[in-house]
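Step one of this worksheet: look at the structure below.
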Amino acid sequence: MRKAIGVSLVCGVLVSAALAMGGPAPGAGAPAAESPAAAPVMAEKVFLVDDFESGSIKSPREWWTFDLQKAAPVSNSELKDGDEKVAAGVGNYSLLLSGPAKSWYAGGVGTYLAKESQDLSKYSDVQLDIYGNGPGSGTLKIEVVDDDNSNWVVEADQKFKPTKDDLWSYELKVDWNGWKQVPVPFSDFVLENPSAGDGVWNPQQTGGSGGLLQMQFICLASASDGKINFNVDNILMTLGAK
Ligand SMILES: [Ca+2]
Ligand SMILES: [Ca+2]
Ligand SMILES: [Ca+2]
């Protein structure tokens, strides 16, 4: 990801804005959550996007689906290959993503993440448990959007590309057999739509921005008329390997 230009300047402006609005001065009576010593109220180490244990992609988290032949929670009981530690943590259900592709593209799923007072900006990585079916399983393209025009909405053109907010993506080729845990730092994501947003990864809920608004998975086949077939589980945001 391109290094943010003028981040400190932006922060300075925001601090001034907070002070002008009568917000707490940084350091003076700062919330305990900002102190590493304040264990009981320390920020969550992980944010669970979904583990699919409800057996539904409508509740508790709602996912939208597009074009993909199959995008549904399925039983993990037959999914025994791969990393045993990962396999031991996937529970009863995972999300099966499968279907034929046209010109590499097979479809995908997405979910809206932003909630008031839910700060996702502290997380540095997305982490997923993925069950692959060997070479040719397909490519999982992870997309996230940060809100640059402070309206909590991802406005998009006819090709679903965000027009006011930054769209960041990372392509993960699934070519292994069985379960594997994959951490992906946000710093490895690339900007897909230069000049739509501000071109800076700013998932913070500051200045009216919704921050990190949504996540999508686009499934791409390894041949233009190929198929994709893998399972996704335990989608987390984590503090990374710091
Ligand atoms: Ca699960
Ligand atoms: Ca927006
Ligand atoms: Ca941005």
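As a proxy for reagent exposure, 51, 81 were ordered by neighbouring Cβ count within 10 angstrom, fewest first; the result is 81, 51.
Diffusion of region 44-238 by Stokes-Einstein, at 10 °C in a medium of 1.306 mPa s and with Rh set to the Kirkwood radius over alpha-carbon pairs, works out to 94 µm²/s. 3J(HN,Hα) along region 140-147, derived from phi through the Karplus expression 6.51 cos²θ - 1.76 cosθ + 1.60 where θ = phi - 60°, amounts to 9, 9, 8, 10, 10, 10, 10, 7 Hz, with x in place of Gly and Pro.
Restricting attention to region 41-140, close to 100% of DSSP beta bridges with both partner residues there are antiparallel. Each Lys and Arg adds +1 at its Cβ and each Asp and Glu adds -1 at its Cβ; summed about the Cα centre, region 44-238 shows a dipole of about 460 debye. Treating r as the C-beta distance of residue 85 and residue 195 and R0 as 41 Å, the FRET efficiency rounds to 0.40.
Using alpha-carbon positions, what is the distance between the centroids of region 53-132 and region 169-242, in Å? With region 53-132 and region 169-242 each reduced to a Cα centre, they are spaced 12 Å.
Per-residue Cβ neighbour counts within 10 Å put 218, 130 in the sequence 218, 130, beginning with the fewest.
Where does the charge balance sit around residue 50 when Lys and Arg score +1, Asp and Glu -1, over other residues with C-beta under 14 Å from its C-beta?
Details: positive: 58, 61; negative: 51, 53, 62, 129, 233.
Neighbourhood net charge equals -3.
Across region 93-98, computed HN-Hα scalar couplings (Karplus, 6.51 cos²θ - 1.76 cosθ + 1.60, θ = phi - 60°) run 10, 9, 9, 7, 10, 7 Hz from first to last residue, x flagging Gly and Pro.
Neighbours of residue 169, meaning other residues whose beta-carbon lies under 13 angstrom from its beta-carbon, give a summed charge of -4 when Lys and Arg score +1 and Asp and Glu score -1.
The ranking of 117, 224 by Cβ neighbour count inside 10 Å, starting from the fewest, reads 117, 224. Working from Cα pairs under 8 Å separated by at least six residues, relative contact order for region 74-210 is 31 percent. With the simple model of a label 7 Å out from the Cα in the direction of the Cβ, residue 44 to residue 224 spans 4.4 nm.
Every number here is computed from the coordinates shown, using simple stated rules; none is lab data. This structure is a prediction, so every number in the text was calculated from the model and none was measured. All Cβ positions, glycine included, derive from the backbone under ideal geometry; neighbour counts span all protein chains shown.
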